[in-house]
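Okay, structure first, notes after.
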Amino acid sequence: MPYGGSAVAPSTRSWLGVAREMQAGTALLPTNTIPQDAKSYAPEDTPKFLSDDAIRGSMAMRYANILGPEDASFSFGGPAFLDTYGFFLDNAFGDLSTTGSSPANGTNLGGSVATLAIGGTQATIVSATGYASASTVQIDSGNISEVVVLSTAPSGTLITFGNYPLRFPHASGATVTTVSGPFTHSFALLNSAVGYGGAYGSQPPTHTITDIDNLNYGTVNTSGARSYPSACVQTIDFTGNAEQLLSVKFTGNSWISAPASTAPTITVSTVVPVAAWQSQVYIGGTAPSNLVTTIGDWAVNVKRTLQTYFNTQGIQNPYIIGRGQLDITGTLNVTTPADETPLYWMLLNTQPLLQIVLDNGLSGTSHLKLVFRCSQASFVKSKPDRNAVLVGFQTSWSSVANISDVGGSGGLGPGIFQLLNNLSSYDLPSDDDLPSPRTLHLL
C-alpha cells in the first residue's frame, strides 16, 4: 500500500463546471465553477440496455444484453449564487439581453449592411476609437441590448467578438458603447423562429456540464473529470425561506458523459449566497403599498418540456434534446396574514402582478440582485393553515403567458428573471474550441 494509504477521491473535492457550447454536443472545458450541496450533486449516465428475451428451449429469461442508445441526467442544488446560476437560466429560457454600466466611447453600427443577423460574430462601427482587444462592448439598447467582449483589436472599424454570437438582429445605426460592471441580465422565453446561434427552431443554447470527481481512471481517463455535453435544463426551483439562504435546484438531461479532454481548472468567483430574508414580495404592483410583509417563504418553479430524440444515425448519443413549452408556477406561504386577502387572490381570480426582489444591499461591482416578475399570476390554491401558532394561508399560483413578460424575441411569455452582477456575459466558451469568426447578414 502506498504511503498515506490507498488512492481515494474525497467527495468534498468534487466540483461542478459549466461552459456554454459553440456547437451543441461538442464538449468544452468549464469556464466557470458553480458550488453545489454535496447531497444534491447527482450526475448520472443512463444508457439503455436492450434485452434479448426470445425463448429458445431453456427456462432462463435473458440471453443477451445489448447496449442501446445512451444519454445522461443531472440534478444539482444548493445555495443560489447570483452570478453563475445565470448559465442555467439562459439554458432554460434562451432570450437573454444584457446592459452594462458607465457607457463610454459611444458610436453606432455602420457599414453597408442594413441589419446584422443572429449568430454573427463581427460588426462594423462608425468609429473604433477607444476600442481594443478584450473591450467589453454593449450593442444596441432595451430588450435587444447585448454585451460582447472583443476577441481581437479592431481592424479599422471592424470589431470581432468570436466567443459571443449575436442573439438579436441589429439595424444599422444602433448604438454601440464600451461598458463595465455591474451588468444587468434579463432572461425571457425565446420565441423567435431563429434560435440561439442562428439555427431555426427557437432552441436556447446548450452547455457542457463537467463533473470533477478527482477519481483515478488510469489510462482511460487521466483528467479526473467527466464532461456531459449538450446539457439541457428541465427544471429550476428557487426557494426563499426567511430563515435560510436562497436556495435553488436544477435538473435536466444531456448526452452520455465522456472523459474531459484535460484536467479542468477551478474558477470560483468571490460571490457569496444571499439570505432569503432580504427578499421582498410584491402583489398587484411594485409600489411600496404593494409590498407583502407577511410571507414566511416562497418558491418559484420553472419547468421546460424536454424530449430526447434517438435517430438511426449510426451513433448512440441523441440526435437532439428538443426543448418545448416552458411553464412557471410557485407558492407563497403567508404565515402571518392580518385578513383574508390571500384567499381573495384565488376567489376573485384577479391574476395580479407578482414580483420578487432579492438584493444584497451592496453597491458597485459587489451589488447582487435577483428580480422575478410574473405579470399575470393566477392563484389556484389558498388553503387556511392552522399547523402553527398563528393561522396562515398556503397559496399556489400558475403563470399566464402575456405580452409584458417577454424579451427581444417577442411573442408571449410566462415570466422574466433578471440578475444584476459583475459577470459581463454568459457566452464564455474556451478559446481553443472556437470556430473562425462569422459575419451573418439579414437582408
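The values are calculated or read from the model by the stated rules, or taken from the named source; none is laboratory data. Here the structure is a predicted model, which means the values were calculated and not measured. Counting neighbours? That spans all protein chains shown, and the Cβs are built from the backbone with ideal geometry, glycine included.
The condition (being without any contact (Cβ under 8 Å) to a residue 60 or more places away in the chain, out of contact with any Gly (no Cβ under 7 Å at 6 or more places or on another chain) and either more than 24 Å from Ile236 (Cα to Cα) or of a type in the set (Lys, Arg) (or both)) is satisfied by just one residue among Ala7, Ala64: Ala64. Note on the stretch 287-321: residues that are among the polar types (S, T, N, Q), part of a loop (DSSP other than H, G, I, E, B) and touching a strand residue (DSSP E or B) at 6+ places or on another chain (Cβ under 6 Å) total 3. For the stretch 361-418, filtered to residues that are basic (Lys, Arg) and buried (at least 18 other Cβ atoms within 10 Å of the Cβ), the residue that is farthest from Tyr200 (Cα to Cα) is Lys369. Only one of the numbered conditions (1) of a type in the set (Val, Ile, Thr); (2) closer than 22 Å to Phe417 by Cβ; (3) out of contact with any Ser or Thr (no Cβ under 6 Å at 6 or more places or on another chain); (4) buried (at least 16 other Cβ atoms within 10 Å of the Cβ) is not met by Ile256, and that is (2). For the stretch 212-260, filtered to residues that are at positive phi and not in a strand (DSSP E or B), the residue that is modelled with the highest pLDDT is Gly224. Checking the structure you have, find out if any residue of the stretch 328-346 is part of a loop (DSSP other than H, G, I, E, B), touching a strand residue (DSSP E or B) at 6+ places or on another chain (Cβ under 9 Å), surrounded by 18 or more Cβ atoms within 10 Å (Cβ to Cβ) and among the hydroxyl-bearing types (Ser, Thr, Tyr). Looking through the stretch 328-346, at least one residue is part of a loop (DSSP other than H, G, I, E, B), touching a strand residue (DSSP E or B) at 6+ places or on another chain (Cβ under 9 Å), surrounded by 18 or more Cβ atoms within 10 Å (Cβ to Cβ) and among the hydroxyl-bearing types (Ser, Thr, Tyr).
Looking across the stretch 363-413 at every residue that is free of Cβ contacts under 8 Å to residues at least 60 places away in the same chain, among the β-branched types (Val, Ile, Thr) and not in a strand (DSSP E or B), the one that is farthest from Gly330 (Cα to Cα) is identified as Val389. Just to be sure before I move on: is Ala388 modelled with pLDDT under 95 and small (Gly, Ala, Ser) in the structure I sent? Criteria met by Ala388.
Selection of the stretch 133-192 for residues being among the aromatic types (Phe, Trp, Tyr) and either surrounded by fewer than 19 Cβ atoms within 10 Å (Cβ to Cβ) or out of contact with any strand residue (DSSP E or B) (no Cβ under 6 Å at 6 or more places or on another chain) (or both) yields only Phe168. The single condition among (1) in a loop (DSSP other than H, G, I, E, B); (2) touching a His at 6+ places or on another chain (Cβ under 7 Å); (3) of a type in the set (S, T, N, Q) that Asn91 does not meet is (1).
One residue alone among Gly86, Gly120 is surrounded by 22 or more Cβ atoms within 10 Å (Cβ to Cβ), more than 14 Å from Gly173 (Cα to Cα) and at pLDDT below 95, and that residue is Gly120. Kindly evaluate Ser97 against the criterion of being in contact with a helix residue (DSSP H, G or I) (Cβ under 7 Å, 6 or more places away or on another chain), over 30 Å from Thr12 (Cα atoms) and surrounded by 21 or more Cβ atoms within 10 Å (Cβ to Cβ). For Ser97, the condition - in contact with a helix residue (DSSP H, G or I) (Cβ under 7 Å, 6 or more places away or on another chain), over 30 Å from Thr12 (Cα atoms) and surrounded by 21 or more Cβ atoms within 10 Å (Cβ to Cβ) - is met.
Scanning the stretch 234-264 for residues that are touching a Pro at 6+ places or on another chain (Cβ under 8 Å), farther than 30 Å from Thr350 by Cα and among the hydroxyl-bearing types (Ser, Thr, Tyr) returns Ser254, Ser257. Of all the residues in the stretch 167-193, those that are part of a strand (DSSP E or B) and aromatic (Phe, Trp, Tyr) number 2.
Selection of the stretch 18-53 for residues being part of a strand (DSSP E or B) and surrounded by 18 or more Cβ atoms within 10 Å (Cβ to Cβ) yields Val18, Ala19, Arg20, Asn32, Thr33, Ile34. Being surrounded by fewer than 20 Cβ atoms within 10 Å (Cβ to Cβ), more than 27 Å from Ile403 (Cα to Cα) and touching a helix residue (DSSP H, G or I) at 6+ places or on another chain (Cβ under 7 Å) holds for only one residue in Asn214, Asn221, and it is Asn214. Mind checking whether some residue in the stretch 116-131 is of a type outside the set (Val, Ile, Thr), under 30 Å from Gln36 (Cα atoms) and outside any loop (DSSP other than H, G, I, E, B)? The answer is no; no qualifying residue exists.
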